[in-house]
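> Below is a structure I'd like to ask you about.
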Amino acid sequence: MPRTMLIKNADLLVTMDGQRREIRQGGLYIEDNLIVQVGPSAELPRTADEVLDLKGHIVIPGLVNTHHHMYQSLTRVVPAAQDGELFNWLTNLYPIWAGLTPEMIEVSTQTAMAELILSGCTTSSDHLYIYPNGCRLDDSIHAAREIGMRFHAARGSMSVGRSQGGLPPDSVVEKEADILKESQRLIEDYHDASHGSMLRMVVAPCSPFSVSRDLMREAAVLARQYGVSLHTHLAENVNDIAYSREKFGMTPAEYAEDLGWVGHDVWHAHCVQLDQHGIDLFARTGTGVAHCPCSNMRLASGIAPVRRMRDAGVPVGLGVDGSASNDGATMIGEVRQALLLQRVGFGPDAMTAREALEIATLGGAKVLNRDDIGALAPGMAADFVAFDLNQTAFAGALHDPLAALVFCAATQVSHSVINGRVVVRDGHLTTVDLPRVLERHNRLAHRLVGGE
Ligand SMILES: [Zn+2]
C-alpha cells in the first residue's frame, strides 16, 4: 500500500501546469513521492495517512535553484571582498577557500540548504569547484541526503593556475586527468537518472578562465557518455568577455559552441553579457541560463538580458549564486529581485510576477533538464511549499496572493514537502537540528576566515 498525503483548503494553489491553473480552496493528493490528484479540495479524497490543512496559505511548486556555491556560506561579507568586481573578489577569496576541510563542506552545505529550504526551494544544484585538504563532493551529497533536499551535485574543477595564465593560485588547482577520473567515479557511484530522482550528478569545470580548452572538451565527452548535464560560468561581466577575446579570440558564446558546450543538457551561470548571437545560439540549441540577479548586482556585473532571452526561447532558471556574492541567499527573495532588476534594465513591462515565479519553478526544471519537477500535476514529484498569508508582509495584498508572494517581501515558508516528505512543518526544519548546525557552521567559519 502506498503512503498517502492530502493537502487541502489552500487559499490559492498555484499549479504551473499546462493551463497555469490557480485554484482557490485548492489541494493535492499524494501517493508516496508523486502527486496523484490536483484540484479544489471538495473534489479530492476525504482523508489520507497524513493530512495538512493549509487554510490561510498559498501553495506553490517548490522553487528550483540552478546555481550556488554552498561552501561560500562560510565566507560571507569578508571585508577584503565586500566591494570588488568578480576577478578582484575571487582573488581575495581563493586563499581563504584554500583552507576548506571536509567537515566545512558538509556543515556549510547543510546551512546553505537550510536557508534555501526555509525560503521556498526544494531542488538545488551546487557547484563545488575547489577541493583542498581532502574535500570531496561526497561531503555535499551526504549533507543533502540528511537534510532531505533534491540535489544536482555539480563536480566543479579548476586546472589552470596563475603560473599558466589562469586566475586561481596554483595551490588550489587540480590535474586534469584527476578531475576527469573523479567526475567519472562520482557519476558511477551516485547518478540517478530515474523519474523523481533525488540526486543527479553534473560535470562542471569552473569557468573558461580557470580550466583549459582540453578539459572543457573532455568534460563534455564524459558527460554525454553517461547522459549527465554540463554546467559552468559564462559571460559574467565585461572583464570575462575581454579575457575570452584575448585568450581564445572569441566571445564566450562562440567559445562554448566551439567546445560542444551547447544543448539541452548544458546550462551556463550568469550570461549577463551574452550578445544577440549568443542568445540566438542558446535558443536554437536549448542551452540553459542560470540567472543570478542579486549576485550580478552585488558584483556590479550588469543586468542579464532575461527579457530578450525569454522572448527568443532560451530556457532561463534562477540561481542565488554563492553566499559570498549574494550574502542573503533566500530563494523567494531572488524571485522578487529577478522581477525588479529586469524592470530597472528594460522597463515596467519587462517581467510580471507570474513570469518571475514561472522562471523559478518550470524555468529551473527545464534548465536542469527535468520533466518531473516545477509544476503541481499528476505524475510530478511531490515538491511544494506553503506560505502563511496572515503575516505583516502580505497585509493589504490578499486580493492577489500570487503577486503578493513576489512583490511583497516574503521570507520564510510555513511548510515544505520534498519528495512526499514534510521537511518543514510550522516554520521548523524537521530533518536536522538547525541551531546545532549553525553553531558548528559559525565556529568553522571563524576558523576559516580568521585563519586560526
Ligand atoms: Zn557562481
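The values are calculated or read from the model by the stated rules, or taken from the named source; none is laboratory data. Small disclaimer: the values here were computed from a predicted structure and weren't measured. So basically every Cβ, Gly included, is an ideal-geometry build from the backbone, and we count neighbours across all protein chains shown. Note: accessible area is taken over every heavy atom of the protein model, side chains too, but ligands, DNA and RNA are not part of it. Shrake-Rupley method; radii C 1.70, N 1.55, O 1.52, S 1.80 Å.
> Regarding segment 239-350, what are the three Cα extents along the principal axes, ordered largest first, in Å?
Between the extreme Cα coordinates on each principal axis of segment 239-350 lie 36, 28, 25 Å.
> Taking the Cα centre of segment 141-208 as origin and charging only Cβ (+1 Lys, Arg; -1 Asp, Glu), how large is the dipole, in debye to the nearest 20?
Numbers: 8 positive and 9 negative charges, 33 e Å.
It works out to roughly 160 debye.
> Now for a separate question. L199 to K247: extension gain in nm, 0.36 nm per residue of separation minus the Cα-Cα distance? Could you put the intermediate results ahead of the total?
Numbers: separation 48, 0.36 × 48 = 17.28 nm, distance 3.58 nm.
13.7 nm is the gain from fully extending L199 to K247.
> May I pose another question? In the chain, how many lysine pairs have Cα atoms under 29 Å apart, counting only pairs 8 or more places apart or on different chains?
On the way: K8/K55; K8/K366; K175/K247; K181/K247; K181/K366.
Lysine pairs, 8 or more places apart or on different chains, close enough: 5.
> Can you compute the FRET efficiency between K175 and A312 using 1/(1 + (r/R0)^6), with r the Cβ-Cβ distance and R0 = 45 Å? Round to the nearest 0.05. Before the final figure, lay out each step's value.
Details: r = 39 Å, r/R0 = 0.87.
So, using R0 = 45 Å, E works out to roughly 0.70.
> Decide, for segment 370-452, between rounded, prolate and oblate: order the square roots of the alpha carbon gyration tensor eigenvalues as a ≥ b ≥ c, take rounded if a/c falls under 1.5, and otherwise choose prolate if a/b is larger than b/c, else oblate.
Oblate shape, in that a/c is at least 1.5 and b/c is the bigger or equal ratio.
> Let me ask another. Restricting the count to DSSP beta bridges whose residues both fall in the chain, what percent are antiparallel, rounded to a multiple of 5? If you can, show how the numbers build up before the last one.
Values: 28 of 64 bridges.
Just about 45 percent of them are antiparallel.
> Among Q273, A356, V172, which residue has its Cα furthest toward the positive end of the charge dipole of the chain, with +1 on Lys/Arg Cβ and -1 on Asp/Glu Cβ?
The listed residue farthest towards the positive side: A356.
> Got a sec? Charge dipole of the chain, +1 on Cβ for Lys and Arg, -1 for Asp and Glu; which of G161, A193, L389 is way out at the positive end?
The residue sitting most towards the positive pole is L389.
> Alpha carbon centre of segment 286-356 versus segment 113-184: separation in Å?
23
> Which is farthest toward the positive dipole end of the chain among P205, H69, Y131, measuring Cα position about the Cα centre, with Cβ charges +1 (Lys, Arg) and -1 (Asp, Glu)?
H69
> Further question on the same structure: Once you sort the root eigenvalues of the Cα gyration tensor of segment 334-381 as a ≥ b ≥ c, which label holds: rounded (a/c under 1.5), prolate (a/b larger than b/c) or oblate (the other case)? Present the calculation step by step, with values, prior to reporting the outcome.
Numbers: a/c = 3.52, a/b = 2.60, b/c = 1.35.
Prolate is the answer for segment 334-381, as a/c is 1.5 or above and a/b outweighs b/c.
> Quick one: go through segment 73-111 and flag any residue whose amide nitrogen is under 19 Å from the point 7 Å out along the Cα-to-Cβ line of N239.
Once the point is set 7 Å along Cα→Cβ of N239, 76-98 turn out to lie under 19 Å by backbone N, inside segment 73-111.
> Given R₀ = 22 Å, FRET efficiency for R24-D349 by Cβ-Cβ distance, to 0.05? Intermediate results must be reported in sequence, preceding the final value.
Numbers: r = 27 Å, r/R0 = 1.23.
Given R0 = 22 Å and the Cβ-Cβ separation, E is 0.25.
> With each label point set 7 Å from Cα along the Cα-Cβ vector, what nm distance links L402 and D192?
With each label placed 7 Å out from Cα toward Cβ, I get 3.1 nm.
> Give the carbon-plus-sulfur fraction of the accessible surface of the chain in %, rounded to a whole number; probe 1.4 Å, heavy atoms of protein chains only.
Working: 8080 of 16130 Å².
So the carbon and sulfur contribution to the accessible surface is 50 percent.
> Another question, then. Plugging the Kirkwood radius over Cα pairs into Stokes-Einstein for the chain, at a temperature of 37 °C and a viscosity of 0.692 mPa s, what D comes out in µm²/s?
Values: Rh = 21.9 Å.
Diffusion coefficient, whole number: 150 µm²/s.
> Using the crude model of +1 on Lys and Arg Cβ and -1 on Asp and Glu Cβ, and no other charge, please compute the dipole size for the chain relative to its Cα centre, in debye to 20. Working shown, then result.
Numbers: 38 positive and 53 negative charges, 71 e Å.
Using only the charged Cβ atoms, the result is roughly 340 debye.
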